[in-house]
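The values are calculated or read from the model by the stated rules, or taken from the named source; none is laboratory data. Remember, it's a predicted structure, so these values are computed and weren't measured experimentally. Every residue, glycine as well, gets a Cβ built from its backbone with ideal geometry; the counts of neighbours run over all protein chains shown.
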Amino acid sequence: MDFSFSEEQQLLRESLARYVEREYTFEKRRAIQRSAEGFSHEVWSAFAEMGLLGLTTPEEYGGYGGSAVDTLVVSQVLGSGLVVEPYLASVVLGTGLVARAGSTAQKESLLPAAARGELLLTLAHAEPDSRYELAEVATSARRQGNQFVLQGHKAVVPWGAQADRLIVSARTAGGPRDAQGISLFVIERGMKGVGARDYRTIDGQRAAEVKLDDVLVGADAVLGPLDGALPLLEAIADVGAAALCAEAVGVMETLNAQTLEYIKTRQQFGQPIGRFQVLQHRAVDMFIHLEQSKSIALLAAVRADSADAAERRRAVSAAKAHLGRSGRAVTQMAIQLHGGMGVTDELPASHYAKRLTMIDFHLGDADFHVERFVADARG
């Protein structure tokens, strides 16, 4: 199997890396975080001009028809620059769901606008008691004539207060943990009965608690099969987890480089601390974690689009479990090598460490994916 990037992917990586390096400085990122919406429309428009927002959107709807490996290329660079814009939430998960399961009318309405940067999408699925179990859905959608009435609470919805459209999972049949009976609905954030409490997460991104109080939607709001959305959620969650693994590689790459530079310049006892052998061993350990993570993240991206669900799940769970544990190890060593400065807000290292922590917990942490991998192996 050829694991080298194509010429187009290499050019995409280089052009995005140049933009992030020149235009997305650490100081600019801090200013963006403090803004009212928590992301920059200017940066989002630049991403649209580069084709990033329609990267995996079918060509007939204004995109480029890219793969999960293309997403990996982008996600690694975004991780290296610690970019806070909602690429995973809107492009990978939101747009990905519409592209996979939307009707022709839904695709024509949503995908071109999202690719142009004019529309933000997000998946509102997690609930206060669901943890990582995708079938754990208590939010209800009861029929009322030709319409549905949505009632429930969605927790920690990425960019839930900024998105123009929410893709909400709700139970149209069965009990709270049944595999059957889950449906998806596309709703407008500002419609009657939809409330969103916005807050900042520890890594500087945004999430919201979304309350649905008798939200009335038409049958045309249903996305994908009625009562049968769980396989769709499982597939897009794996695609999202693979993208998170790629982002984690980018974060680790920059954190390693920053740590190595620090121990080369930090003086102690009249010499750089990087001359102490024990610290050199730590730096080597960080390098090994990074190189292993690159390989397994690439494998997850290659398998993420697989029609074989078992093959996809194995590769993604193996990668997510490895990245969770390697990310934690790299974070701890980087903080220790930076000393007291490693935990300060002024130093970028602490922000990279926080992002790695949040990546581990998003779409299943390392322990969850180890258990899933073992359960799938047992059949």
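Summary of values
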{"read-out": "Test: S183 is buried (at least 19 other Cβ atoms within 10 Å of the Cβ) and at pLDDT below 95", "value": "no"}
{"read-out": "One residue from G145, G175, G193 being farther than 18 Å from L363 by Cα and at pLDDT 95 or above", "value": "G193"}
{"read-out": "Of all residues in the stretch 45-57 being in contact with a helix residue (DSSP H, G or I) (Cβ under 9 Å, 6 or more places away or on another chain) and of a type outside the set (A, V, I, L, M), the one that is surrounded by the fewest Cβ atoms within 10 Å (Cβ to Cβ)", "value": "G51"}
{"read-out": "Residue match in the stretch 67-76 (condition: outside the structural domain of A248 (by TED's automatic domain parsing), of a type outside the set (D, E, K, R), in contact with a strand residue (DSSP E or B) (Cβ under 6 Å, 6 or more places away or on another chain) and part of a helix (DSSP H, G or I))", "value": "no"}
{"read-out": "Every residue from the stretch 193-240 that is in contact with a helix residue (DSSP H, G or I) (Cβ under 8 Å, 6 or more places away or on another chain) and either of a type in the set (S, T, Y) or under 18 Å from H153 (Cβ atoms) (or both)", "value": "T201"}
{"read-out": "Residue that is surrounded by fewer than 22 Cβ atoms within 10 Å (Cβ to Cβ), farther than 27 Å from G79 by Cβ and acidic (D, E), where the choices are D285, D198, D227", "value": "D227"}
{"read-out": "Residues located in the stretch 317-364, provided they are farther than 13 Å from M252 by Cβ and basic (K, R)", "value": "K320, K354"}
{"read-out": "Any hit, the stretch 110-129, residues being more than 23 Å from the chain's Cα centre (by Cα) and either at pLDDT below 95 or in the same structural domain as A46 (by TED's automatic domain parsing) (or both)", "value": "no"}
{"read-out": "The one condition in (1) in contact with a His (Cβ under 6 Å, 6 or more places away or on another chain); (2) under 16 Å from V92 (Cα atoms); (3) not small (G, A, S) that P158 fails to fulfil", "value": "(1)"}
{"read-out": "Any pair with Cβ under 8 angstrom, 6 or more apart, that starts in the stretch 5-26 at a residue that is among the charged types (D, E, K, R) and ends at one that is modelled with pLDDT under 95", "value": "R13/F5"}
{"read-out": "Residue that is surrounded by the most Cβ atoms within 10 Å (Cβ to Cβ) [pool: residues in the stretch 340-376 that are of a type in the set (G, A, S) and touching a residue at least 24 places away in the same chain (Cβ under 8 Å)]", "value": "G364"}
{"read-out": "Filter result for the condition that a residue is among the charged types (D, E, K, R) and either part of a strand (DSSP E or B) or at pLDDT below 95 (or both), over E247, E234, E209", "value": "E209"}
{"read-out": "Flag if G193 is under 21 Å from L121 (Cα atoms), surrounded by fewer than 17 Cβ atoms within 10 Å (Cβ to Cβ) and in contact with a strand residue (DSSP E or B) (Cβ under 6 Å, 6 or more places away or on another chain)", "value": "yes"}
{"read-out": "Residue check for A17: farther than 25 Å from A315 by Cα, at pLDDT 95 or above, aliphatic (A, V, I, L, M) and over 18 Å from the mean Cα position of the chain (by Cα)", "value": "yes"}
{"read-out": "Selection count where residues are without any contact (Cβ under 8 Å) to a residue 12 or more places away in the chain and in contact with a Ser or Thr (Cβ under 9 Å, 6 or more places away or on another chain), scope the stretch 29-49", "value": "1"}
{"read-out": "Entirely in the stretch 262-379, the helices (runs of 4 or more DSSP H) that have 3 or more residues that are touching a Leu at 6+ places or on another chain (Cβ under 8 Å) and not polar (S, T, N, Q)", "value": "277-304, 309-338, 348-361"}
